[in-house]
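Trainee: To start, I am sharing the structure in question, which I have written as structure tokens.
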Amino acid sequence: MDKARVISLFIGVVRAGSFSQAAVDAGLTPQAVSKAVRQLEQHLGVRLFHRTTRSLSLTDEGTRLFELANPGLRLLDDALEQIRNSRLDVDGVIRLAAPTSIGNAIIVPLLQEFQQRYPGAHFDLVLDDHFTDLVESKIDVGFRAGSPPERNLVARKLGDMLLVPCATPAYLERHGAPRTVADLAQHRCTGFRQPNTGRMLPWELHVDGATVYQDVPAVASFNTVEGEVAAVLSGMGIGQVPVFMVEQELAGGALVPLLPQTVTSNNGVFMYYPQRTQMPLRVRHFIDFVSERVPARLAAQRRVVNVAKAR
């Protein structure tokens, strides 16, 4: 016997004053409601109603059960209603996950702007370069660079992730600038080690209309993009880094783009989430907000490289 169900139907009969109306309210037949109440009576070993063809009244035991159970059911109804309404509420916590590079450069700057529009929204942001399992980590929205998640998730591409070889003017003054991809072998270069696998990633370059992968002699390797960018900015060597991480440095001349014809855009920046339906309104608003802001930001990367190249 489903105790919660039969007690709920019993209380429904008392509130409605009849089995037929309780059945209508529950979307059942009067026979089904009557059977459920009889099951409850048999389970308790007492009669709950005095029933005749013309009247219906509670026994003393029925009255006591109603007085004990009704407040609890009302609390349950209130709880369910609050949860149902919370789906339409923009207030509450939005849990996000992103690699540190995307989080710091793209997502964090958007949070305050979103909160200005929806002051009741709060954020819990997890920055981790490993792929985050949204369900296991109770994350509402995740972000990722590279390829889309190969899991049962909704993934939306926000834009291309351009990778540009670059160096400081001081490095180029000391070592000169490479004119071809082959020249990179004679230069001091930095490398990136994939956090999930520990594998050193080759540089991805656009050469003669095709994408080629070039191993470079790394004088230092890093497992975070921020670390590699800091090394390149220190003048350690040439690094191939995401344009969105160094836009200001390229625009201001702190970094010089090299071999700009090799810049690739095969990888992307993706937003992903568990499902499209049954989503709190605040999460839906945030997804729409990101979809409005980020693509334009990423689309401007190519222009930043071209302007820096022309300097």
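Any read-out appearing in this document is the output of simple, stated calculations on the displayed coordinates, not a laboratory observation. All values derive from a computational prediction rather than experimental measurement. All Cβ positions, glycine included, derive from the backbone under ideal geometry; neighbour counts span all protein chains shown.
Trainee: For segment 156-168, what does the Karplus curve 6.51 cos²θ - 1.76 cosθ + 1.60, with θ = phi - 60°, yield as ³J(HN,Hα) per residue in whole Hz, taken in order and with x for Gly and Pro?
Mentor: The phi angles translate into 10, 6, 8, x, 7, 10, 7, 10, 10, x, 7, 7, 7 Hz.
Trainee: Something else now. What aspartates and glutamates does Lys157 reach when the alpha-carbon gap must be under 16 Å and sequence neighbours fewer than 8 apart in one chain are set aside?
Mentor: Those aspartates and glutamates meeting the cut-off are Asp288, Glu292.
Trainee: With a 10 Å radius around each residue's Cβ, average the other Cβ atoms per peptide and rank 205-218, 289-302, highest first. Each step should come with its number before you reach the end.
Mentor: Numbers: 205-218: 13.4, 289-302: 16.1.
The peptides rank, most packed first, as 289-302, 205-218.
Trainee: Let me ask something else. Calculate the dipole size of the chain relative to its Cα centre from +1 charges on Lys and Arg beta carbons and -1 charges on Asp and Glu beta carbons; express the result in debye to the nearest 20. If you can, show how the numbers build up before the last one.
Mentor: Numbers: 33 positive and 31 negative charges, 161 e Å.
Charge dipole of the chain: 780 debye, to the nearest 20.
Trainee: Hey, another quick one. Quick one: if you stick a label point 7 Å off each Cα along the C-beta vector at Val46 and Phe289, how many nm between them?
Mentor: Distance between label points: 5.5 nm.
Trainee: While we're looking at this one, here's another question. Please build a GNM for the chain, connecting alpha carbons under 10 Å apart, and tell me which residue among Arg117, Arg193, Arg38 fluctuates the most.
Mentor: Arg38
Trainee: Mind sorting out which of (i) 49, 46, 39; (ii) 102, 37, 31; (iii) 60, 39, 35 is the real Cα extents along the principal axes in Å computed from the coordinates?
Mentor: Here Cα extents along the principal axes in Å agrees with entry (ii).
Trainee: With point charges of +1 on the Cβ of Lys and Arg and -1 on the Cβ of Asp and Glu, referenced to the Cα centre of the chain, which listed residue (Met1, Ala185, Val243) lies farthest in the positive direction of the dipole?
Mentor: So the residue furthest toward the plus end is Met1.
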